[in-house]
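All of the numbers you see were taken from the coordinates with simple rules; none came from a lab. Just so we're clear, the structure is a prediction, and the values are computed from it rather than from any experiment. Here the Cβ is made from the backbone with ideal geometry for all residues, glycine too, and neighbour counts use every protein chain on show.
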Amino acid sequence: MAGAGGRGALNVPPEVEGLLRELAPQVLGTLARRFGDFSTAEDAVQEALLAAATHWSRDGVPVNPRGWLTQTATRRMIDAWRSDQARESRERLVAAEPAREAQDEDDTLVVLLLCCHPSLTPASAIALTLRAVGGLTTAEVARAFLVPEPTMAQRISRAKRIVAGERFALPTPDELPARLRSVRHVLYLMFNEGYAATGGPTLHRTELSDEAIRLIRTLHASRPDDSETTALLALMLLDDARRPARTDATGALVPLPDQDRSRWDHALIAEGTALLDESSGHGVVGEYRLQAAIASLHDHAAHARDTDWPQIVALYGLLEKVTGNPVVTVNRAVATAMAEGPRAGLAVLDGVDLPGHRVDAVRAHLHEMAGDVPEALAHYGAAIAGATSVPEREHLVARAARLRASALG
């Protein structure tokens, strides 16, 4: 559901859109638990959501919206079953199953855990989560990923087949920590793709970052004592607070040091900071708490020159030990350059093996800081050739042009 313009030509009021997003996984959970067929239930709920978007936008929200959706989805599910060879046995199963009240359980967490099952690739898990938990249509998910709708339909169908045999219930206490880690990882990747799109014409895909924040809020509400879930919510809010200043009026990328900090969302910064403090009270220090602490240091610097770069370097060092991720090493190189100079930052990059253009972009920036114009231009050229995000590529082209002009002038 994507508000105005979502669901084809429908103009869905924001209050209806929000309610449908909230109810979609609850109704899916009710049907999947009752009938034991997650895939067919998910398709039926999608049809019910479309029907609700049409009727509720025109006639208003019914007195019992969840019951309305559940009844409509159940009818769609039975209609689908009637076309199967096994319809008689299935209809006997439905008739024998005592109807359960629509309000008796909220299976949102169960659905979320299933959609983020570790057996799925991250891309498939994100797509299935957006459709089954977020209530987006396949077309909307496809647009978010910049792929054709048939391609996305196949990806979602494969994901549903993979999880079809899984038990529809909360994991056991022994299994739950690993499953929660999987959910956090999927939502983290979803947010990152929305906050800094890896491809396409815009820097942001807000439908992804906004949905990731909504879902991590749901997870936090169900597991408020899980410190890493709390920290991930804090991280998303602290990062998202800077979104209004990350592009100018033309949509061009604005680097962090050049952003107008008065445009940052300070209410989100306050909420994220409070959550970070809350997560620090218990549990081991994990990757999301460390990343949130770094984001908080950026957000609380009144000016770029006030940033506590030595502390950020130290936090990146800890994060590097926790994750072993070369992306963290690249970020530590930038922080080191700001704290100790560009040569020190370049030394951190020695031996970093990371596919893509990111290392070249950082090397270009650090060589520019060091006054090595030929090296900087060479790395800018390599980074431009590898960039798939239009705003990022245009930003690199502009930097290279300015550097070339200043060298000639």
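Distance between the C-alpha centres of region 358-392 and region 270-306: 29 Å, rounded to the whole angstrom.
Rounded, prolate or oblate for region 160-284? Axes are the square roots of the Cα gyration tensor eigenvalues, ordered a ≥ b ≥ c, and the cut-off for rounded is a/c under 1.5. Don't jump to the answer; show the numbers that get you there.
Values: a/c = 3.22, a/b = 1.53, b/c = 2.11.
It comes out oblate by the Cα gyration axes.
Ratio of Rg to Rh for region 262-402, alpha carbon only, Kirkwood?
My calculation of the ratio gives 1.00.
Think of region 226-368 as a dipole: +1 on every Lys or Arg Cβ, -1 on every Asp or Glu Cβ, centred on the Cα centre; then among 331, 229, 318, 331 lies furthest on the positive end.
Say we join alpha carbon atoms closer than 10 Å with springs in a Gaussian network model of the chain; which of 302, 245, 144 then has the biggest fluctuation? Residue with maximal mean-square fluctuation among 302, 245, 144: 302.
For q values of 0.10, 0.15, 0.17, 0.23 Å⁻¹, compute log₁₀ I(q)/I(0) with the Debye formula on a Cα-only model of region 100-198, without solvent. Rounded to two decimals, the profile gives -0.28, -0.61, -0.77, -1.25. Summarising the label geometry, the points placed 7 Å from Cα in the beta-carbon direction at residue 170 and residue 260 lie 4.8 nm from one another. A full extension of the chain between residue 398 and residue 343 corresponds to an added length of 17.4 nm, given 0.36 nm per residue minus the alpha carbon distance. Computed 3J(HN,Hα) for region 198-214, one whole-Hz value per residue from the Karplus formula 6.51 cos²θ - 1.76 cosθ + 1.60 where θ = phi - 60°, is 7, x, x, x, 10, 6, 10, 10, 5, 4, 7, 5, 5, 5, 4, 5, 4, glycine and proline marked x.
Report the percentage of all Cα-Cα pairs in region 313-355 whose separation exceeds 17 Å, rounded to a whole percent.
Working: 207 of 903 pairs.
Beyond 17 Å sits 23 percent of the P(r) for region 313-355.
On the beta carbon distance between residue 151 and residue 181, with R0 = 30 Å, the FRET formula returns roughly 0.60.
Along the axis of the charge dipole computed for region 248-341 (Cβ charges of +1 for Lys and Arg, -1 for Asp and Glu, origin at the Cα centre), the listed residues 302, 274, 291 are led at the positive end by 291. Of the residues 170, 28, 120, the one that moves most in a GNM of the chain with alpha-carbon contacts below 10 Å is 170. Our summary of shape: the Cα atoms of region 245-299 have principal axis extents of 44, 21, 15 Å, ordered from largest down, in whole angstrom. For region 138-181, a simple Cβ point-charge model (Lys and Arg +1, Asp and Glu -1, everything else neutral) yields a dipole of about 100 debye relative to the Cα centre.
Assuming 0.36 nm per residue, please report the length gained on full extension of the stretch residue 210 to residue 309 beyond their Cα-Cα distance. Residue separation times 0.36 nm, minus the Cα-Cα distance, leaves 32.7 nm. Summing Lys and Arg as +1 and Asp and Glu as -1 over all other residues whose Cβ lies under 15 Å from the Cβ of residue 376 gives a net charge of +1.
Between the residues 359, 384, 369, the greatest Cα displacement towards the positive end of the dipole of region 347-397, with unit charges on the Cβ of Lys, Arg, Asp and Glu, is found for 384.
If I model the chain as equal point scatterers sitting on the Cα atoms and use the Debye formula, what is log10 I(q)/I(0) at q = 0.08, 0.13 Å⁻¹? Scattering profile of the chain, log10 relative to I(0): -0.50, -1.15.
Mean sequence separation of contacting Cα pairs (under 8 Å, at least six apart), scaled by the length of the chain, corresponds to a relative contact order of 11 percent. Amide H contacts under 5 Å for residue 200: 390, restricted to partners 5 or more places along the chain or on a different chain, H placed in the peptide plane at 1.01 Å from N. Extension gain for residue 59 to residue 119 (0.36 nm times residue separation, less C-alpha to C-alpha distance): 17.4 nm.
Modelled label positions at residue 247 and residue 277, each set 7 Å beyond Cα in the direction of Cβ, lie 3.4 nm from each other. The calculated FRET efficiency for residue 321 paired with residue 270, based on their beta-carbon distance and R0 = 41 Å, is about 0.85.
Taken about its Cα centre, the chain carries a charge dipole of about 800 debye when Lys and Arg each add +1 at the Cβ and Asp and Glu each add -1 at the Cβ.
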